[in-house]
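Data block below; observations after.
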Amino acid sequence: MWMETKTEVGEASRSRASFSRRALNALLLCTGDMKHLDEYMQDKLFVLQLAVWGLRGVARVILANNPLSGALILAALYWASPWQGLLGTVGVLVSTLTAIIMGQDSAEVSGGLHGFNGMLVSLLMGAFSSAGDWYWWLLLPVCFGSATCVFLFSGLSSVMDRWDLPVAVFPFNIIIFLYLLCTGQDNPYFPHRQALPPGALEPNGTTLIAVEVIRGIPLGVGQIFACGALGPSLLILGAVLLYSPLLAVHALLGSAVGTLAGLSMAVRHGSLYSGLSGFNGALGCMAVGGLFFTFSWRTHLFAIASAFLSAYADIALCNLLGTVGLPACSWAATLTATLMLLMTGSLAAYRIPICQVMAPEHNLRSRSQWAAGNTAERESTDV
């Protein structure tokens, strides 16, 4: 009797361990870049493939490359504002379909590289529109701007590839600037709100609510998608965590650094509370802290420095462009990350070739492989 009980307990223990392993393996399949999903979707319907490509484009906005992360982010946007969610969906689909019609590289299309700029353009057009939600005429500039992003991406990539640099969100920043300058604040068809400089004085300049400042740190991650609600912002952060825990940590860290930079410059409390002070710092920190550079204590400190530089540059650009009613968007983080990638010296040894950028954890494991390959290539060139 005792032996039978012992055997049953052992079998139950093994069954629980087996279930835990299966659950862990299933979870791991949903993390990282999910390359196995691309292989599975090769012979599926075009509509299903387009959905996966679009979801990758959604995730690319926050430097991730995971369709499940993209689905979570899209759900967060619909949660925060169904209108913004619809605009984002239209933007990513229009830009992806435009890239297909133009015959752009299939690997770039399937990787979502032609979708994220279009999505950002559509989200910012909606965020700055003063016509309110469900203003259907806004779909015209959304579609046109999203399609134009593909032309800019294709043209800029031929230039940036010479220095092994990503095109990033240069097309988005250019298009949104052109749109806001063309329409103007009082345009009868597409009116938009005027951007306010973060250094503008306010009546309660001496009162600061610490809880609201802390709340603004996760909101800084959501502001990458022009989302200012706490719940959806936490879901967006969870989507990044699903793709890469290391990237999620750097997103929060960069947003905190950006908030600290805003405090040091006495920016408007609204910028601190809403997360607008933190999102450029988050992007700058994420780009360096494991995505374009392999993670180490050197690159970690480098990422913090990048976050500070992005945040201070954003404050300066916001004050400058705010005088003419324009937002600084993500110019600060984009330019900072580009400069960081152009740096020489010992930190350049940690830089990952753009064509081999994957989830930070995978980059950490494969650094010795691509470093050895680059060394062999240099030696063969020297001979």
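The values are calculated or read from the model by the stated rules, or taken from the named source; none is laboratory data. Computed from a predicted structure; not experimentally measured. As a convention, Cβ positions derive from the backbone with ideal geometry for all residues, glycine included, and neighbour counts pool all protein chains shown. The accessibility values were calculated without ligands, DNA or RNA, using every heavy atom of the protein model including side chains. Shrake-Rupley method; radii C 1.70, N 1.55, O 1.52, S 1.80 Å.
Figures for the structure shown
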read-out: Amide H within-cut-off set for residue 185, under 5 Å, with H built and near neighbours excluded; value: none
read-out: For residue 293, distant residues with modelled amide H under 5 Å away; value: 352
read-out: Carbon + sulfur, % of accessible area of the stretch 200-331 - ligands and nucleic acids excluded, 1.4 Å; value: 76
read-out: For the chain, the Rg and Dmax computed from alpha carbons only, in angstrom; value: 22.3, 86
read-out: Residue-wise HN-Hα coupling along the stretch 289-305, computed from phi with Karplus coefficients 6.51, -1.76, 1.60 (Hz; x: Gly, Pro); value: x, x, 8, 9, 10, 5, 6, 7, 5, 5, 6, 5, 5, 4, 5, 5, 4
read-out: Note, ³J(HN,Hα) from phi for the stretch 72-86, Karplus 6.51, -1.76, 1.60, rounded to Hz, x at Gly and Pro; value: 5, 5, 5, 5, 5, 5, 5, 5, 5, 7, x, 5, 5, x, 5
read-out: Area accessible to solvent at residue 161, 1.4 Å probe radius, in Å²; value: 100
read-out: Exposed chymotrypsin sites (Phe, Trp or Tyr not before Pro) absent - longest run of the chain, DSSP non-H/G/I/E/B, at most 12 other C-beta within 10 Å; value: 190-383
read-out: Whole-number percent relative contact order across the chain, with pairs defined as alpha carbons under 8 Å at least 6 apart; value: 15
read-out: Hz values of 3J(HN,Hα) by residue in the stretch 31-41 - Karplus curve (6.51, -1.76, 1.60), Gly and Pro given as x; value: 9, x, 7, 6, 5, 5, 5, 4, 5, 5, 8
read-out: Computed FRET value (nearest 0.05) for residue 323 with residue 362, which takes r as the C-beta separation and R₀ as 51 Å; value: 0.70
read-out: Relative intensity, log₁₀ I(q)/I(0), of the stretch 209-371 from a Debye sum that treats every alpha carbon as a point, q = 0.20 Å⁻¹; value: -1.20
read-out: Accessible area expressed per residue, the stretch 44-193, with surrounding protein chains retained (probe 1.4 Å, Å²); value: 42
read-out: Largest to smallest principal axis extent of the C-alpha atoms in the stretch 314-355, angstrom; value: 41, 21, 10
read-out: Normalised contact order of the stretch 44-193, rounded percent, pairs of Cα under 8 Å and 6 or more residues apart; value: 22
